[in-house]
């Protein structure tokens, strides 16, 4: 069983946070007697593959590979991958093979981290 934890204020999740949560969570699962089969409890932070949402996310992951999903003028979704350059009040700036593409923020559906080989 995998449980992902995060701080309400958006701070980083530490190994100590995971350890502090794991004990009480494991005890609660055992006490509930809902799971009859053997299981492994894994408590972690969401990690890579997450959607970028906060201003802090966009600063922290500047230069990382991302996939931007946006609506185009025809109403369909368009996915573009590149390195995150910046997010301004009007655009998400994406470096695609050395060229900067500006994607209007009001058309962006989501921005998510991807692995460099995606």
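Considering 98, 49, 75, which residue is modelled with pLDDT of 90 or more, on the phi > 0 side of the Ramachandran plot and outside the structural domain of residue 9 (by TED's automatic domain parsing)?
Checking each option against the conditions leaves just 98.
Quickly run through segment 30-46 and pick out the residues that are modelled with pLDDT under 85 and touching a helix residue (DSSP H, G or I) at 6+ places or on another chain (Cβ under 9 Å).
44, 45, listed by residue number.
Please count how many residues of segment 17-49 are surrounded by 15 or more Cβ atoms within 10 Å (Cβ to Cβ) and within 30 Å of residue 105 (Cα to Cα).
Qualifying residue count for the region: 1.
The values are calculated or read from the model by the stated rules, or taken from the named source; none is laboratory data. Note that the coordinates shown come from a computational prediction; the quantities given were computed from them, not determined experimentally. Note that we place each Cβ from the backbone using ideal geometry, even for glycine, and neighbour counts take in every protein chain shown.
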